[in-house]
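Undergrad: Let me give you the structure first, and then I'll get to my questions.
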Ligand SMILES: Cc1cc2nc3c(=O)[nH]c(=O)nc-3n(C[C@H](O)[C@H](O)[C@H](O)COP(=O)(O)OP(=O)(O)OC[C@H]3O[C@@H](n4cnc5c(N)ncnc54)[C@H](O)[C@@H]3O)c2cc1C
């Protein structure tokens, strides 16, 4: 399969330059990671007059933020009934409302900062892989309407052609609130906005160690970075699936999971409209799910955790084969269409599959988006910035128990991923 092993979105954007000056001696807030979380926080803190520096181990926006599917989705990874039984009705309602607010937050930010990232409220479509899944859609829509006052539309199988040019599904569920965007353009726009607000963004600046220190008699942190040392009054960790040894306590709470994408050559207009007549963000109802969409230039972008292990040439190659077969199963019309790009990235799952934002070892963090990070990372980055700047902690995930691995059997290297992959494959087979 002759494709380029590179990120399609990167060919559509120019990232703003990082700061080439030497590091200052001290800042108020040091942020690790230049994705949606870190940059949304940096922009907001800098706008409030805080001296803030972002440290990125690679290039600006290098992590999941510039390599994802660009789906800006309502809801969370776990179903509403699981959330209610775990956290109660009121807390669940607040979390669900936050998922809706997070999309408004992206839309407003894109408008305020004039970010040309093809943001469009195209809605999402969930498609049922089995008749029982479709029956579950009705229960789920009814529960979301009742508990969260948010309405979804059921699409029976005989009407599904108005939503998707595929015959393999048993019905669908549409949410008109969701949106799509070009994630690399969005993260580049956020970086520009953070710089314009006064934040310093340093690339090739991995933070190797963070030690407690004191400054002017008060507590502070001393950071050792690839660009030299720096002192910071507060640290915000926004490293998501790439969280590493600099923050070992957080690393032990995050499972890095590989996710992979293939993108086809551009399709003729008529074929693109046949595959996705309403340009929805589409995902299926399996645990080991596929999700897919059209890009603004009429390519099909098709995503799945085909390998589970983080990205490298071998997992990308294997995943590209699997994803291409998956794509043709959904859309036989694409049997002869070449795949032009293939790449991978790393998702951050916590052990309870929930986002978490708070303070650990004296440092602030926001992680655990589980594949729903485009909107939620922006939202929690901004909420944490307010909190760091002395405001109230208004994030609805504050105070949730933040579990580590059962029996503590995890040091940050996910030895159990192949087993988890098998478990979910079996689950998809039997349920
Ligand atoms: C293939 C794929 C598809 C996805 N599709 C979607 C989707 O369609 N919709 C959706 O909502 N979500 C999706 N996601 C998830 C979403 O992209 C992420 O949740 C989101 O981008 C996380 O943003 P972030 O800023 O927290 O982390 P990231 O963007 O991952 O940024 C973390 C950064 O931290 C840096 N870093 C790590 N350690 C250090 C250190 N010690 N010092 C300095 N820097 C460090 C890394 O280099 C990295 O750039 C997808 C993810 C992947 C991988």
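Undergrad: Filter the range 17-37 down to the residues that are within 16 Å of the ligand (Cβ to nearest atom) and part of a strand (DSSP E or B), then identify the one that is farthest from residue 375 (Cα to Cα). Give the steps one after another, and end with the answer.
TA: Keep residues of the range 17-37 that are within 16 Å of the ligand (Cβ to nearest atom), which gives 18-19, 23, 27, 29-37.
Retained after the next criterion (residues that are part of a strand (DSSP E or B)): 27, 29-32.
Numbers: 27: 28, 29: 23, 30: 23, 31: 19, 32: 19 Å.
Taking the candidates together, the pick is 27.
Undergrad: I'm checking my understanding of the structure. Among residues of the range 192-227 that are assigned to a loop (DSSP other than H, G, I, E, B), in contact with a strand residue (DSSP E or B) (Cβ under 6 Å, 6 or more places away or on another chain) and more than 9 Å from the ligand (Cβ to nearest atom), which one is farthest from residue 118 (Cα to Cα)? Outline the logic, then answer.
TA: Of the residues in the range 192-227, the ones assigned to a loop (DSSP other than H, G, I, E, B) are 198-199, 203-206, 216-217, 226-227.
Next, only the ones that are in contact with a strand residue (DSSP E or B) (Cβ under 6 Å, 6 or more places away or on another chain) stay: 199, 205, 227.
Filter once more, keeping what is more than 9 Å from the ligand (Cβ to nearest atom): 199, 227.
Values: 199: 25, 227: 35 Å.
Residue satisfying both the conditions and the ranking: 227.
Undergrad: Out of 250, 301, which single residue is closer than 21 Å to residue 13 by Cβ, in contact with a strand residue (DSSP E or B) (Cβ under 9 Å, 6 or more places away or on another chain) and within 11 Å of the ligand (Cβ to nearest atom)?
TA: 301
Undergrad: Note down all Cβ pairs under 7 Å where the first residue falls in the range 22-36 and is farther than 19 Å from residue 238 by Cα and at pLDDT 95 or above, the second is within 14 Å of the ligand (Cβ to nearest atom) and part of a loop (DSSP other than H, G, I, E, B), and they're at least six residues apart or on different chains.
TA: That search, which allows pairs on different chains as well, returns 23/227.
Undergrad: Sticking with this structure for a sec: Evaluate the following for residue 235: is it closer than 30 Å to residue 24 by Cα, part of a strand (DSSP E or B) and more than 9 Å from the ligand (Cβ to nearest atom)? Steps first, please.
TA: Details: closer than 30 Å to residue 24 by Cα: yes; part of a strand (DSSP E or B): yes; more than 9 Å from the ligand (Cβ to nearest atom): yes.
It is true that residue 235 is closer than 30 Å to residue 24 by Cα, part of a strand (DSSP E or B) and more than 9 Å from the ligand (Cβ to nearest atom).
Undergrad: While we're looking at this one, here's another question. Identify all residues within the range 366-400 that are touching a strand residue (DSSP E or B) at 6+ places or on another chain (Cβ under 8 Å), more than 14 Å from the ligand (Cβ to nearest atom) and in a helix (DSSP H, G or I); write none if there are none.
TA: Answer for the range 366-400, where residues must be touching a strand residue (DSSP E or B) at 6+ places or on another chain (Cβ under 8 Å), more than 14 Å from the ligand (Cβ to nearest atom) and in a helix (DSSP H, G or I): 387, 388.
Undergrad: A follow-up question, please. Tally time: how many residues in the range 336-362 are buried (at least 22 other Cβ atoms within 10 Å of the Cβ) and out of contact with any strand residue (DSSP E or B) (no Cβ under 8 Å at 6 or more places or on another chain)?
TA: Within the range 336-362, residues that are buried (at least 22 other Cβ atoms within 10 Å of the Cβ) and out of contact with any strand residue (DSSP E or B) (no Cβ under 8 Å at 6 or more places or on another chain) number 1.
Undergrad: Here's something else I'd like to know. Can you name the number of the only condition in (1) assigned to a loop (DSSP other than H, G, I, E, B); (2) more than 6 Å from the ligand (Cβ to nearest atom); (3) surrounded by 21 or more Cβ atoms within 10 Å (Cβ to Cβ) that residue 40 fails?
TA: So the condition that residue 40 fails would be (1).
Undergrad: May I pose another question? What do you reckon, is residue 53 over 21 Å from residue 346 (Cα atoms) and at pLDDT 95 or above?
TA: So residue 53 fits the description; yes.
Undergrad: Right, something else. Taking residue 97, is it modelled with pLDDT of 95 or more, away from the ligand (no atom under 16 Å from the Cβ) and within 19 Å of the chain's Cα centre (by Cα)?
TA: So residue 97 passes the test.
Undergrad: Applying the selection to the range 165-191, what residues are away from the ligand (no atom under 16 Å from the Cβ) and out of contact with any helix residue (DSSP H, G or I) (no Cβ under 7 Å at 6 or more places or on another chain)?
TA: Of everything in the range 165-191, those that are away from the ligand (no atom under 16 Å from the Cβ) and out of contact with any helix residue (DSSP H, G or I) (no Cβ under 7 Å at 6 or more places or on another chain) turn out to be 167, 174, 176.
Undergrad: From the list 106, 127, 52, 72, exactly one residue is in contact with a strand residue (DSSP E or B) (Cβ under 8 Å, 6 or more places away or on another chain), more than 11 Å from the ligand (Cβ to nearest atom) and within 30 Å of residue 401 (Cα to Cα). Which is it?
TA: Matching residue, one of 106, 127, 52, 72: 52.
Undergrad: Criterion first (more than 12 Å from the ligand (Cβ to nearest atom), under 30 Å from residue 271 (Cα atoms), part of a helix (DSSP H, G or I) and modelled with pLDDT of 95 or more) does residue 317 satisfy it?
TA: No, not satisfied.
Undergrad: Could you list, in sequence order, the residues of the range 270-283 that are within 16 Å of the ligand (Cβ to nearest atom) and either modelled with pLDDT under 95 or over 16 Å from residue 334 (Cβ atoms) (or both)?
TA: 279, 280, 281, 283
Undergrad: Taking the range 335-355, which residues are outside any strand (DSSP E or B) and more than 12 Å from the ligand (Cβ to nearest atom)?
TA: Residues satisfying the conditions are 335, 336, 337, 338, 351, 352, 353, 354.
Undergrad: Go through (1) assigned to a loop (DSSP other than H, G, I, E, B); (2) more than 15 Å from the ligand (Cβ to nearest atom) for residue 288 and report which single condition fails.
TA: Answer for residue 288: the failing condition is (2).
Undergrad: Only one of (1) within 14 Å of the ligand (Cβ to nearest atom); (2) at pLDDT 95 or above; (3) surrounded by fewer than 24 Cβ atoms within 10 Å (Cβ to Cβ) is not met by residue 77, so which one is it?
TA: (2)
Undergrad: I would also like to ask the following. Under the condition of being out of contact with any helix residue (DSSP H, G or I) (no Cβ under 6 Å at 6 or more places or on another chain) and surrounded by 17 or more Cβ atoms within 10 Å (Cβ to Cβ), which residue from the range 259-270 is farthest from residue 345 (Cα to Cα)?
TA: Residue satisfying both the conditions and the ranking: 267.
The values are calculated or read from the model by the stated rules, or taken from the named source; none is laboratory data. Note that this is a predicted model, so its numbers are computed, not measured. Please note: Cβ atoms are built from the backbone with ideal geometry, for glycine as well, and neighbour counts cover all protein chains shown.
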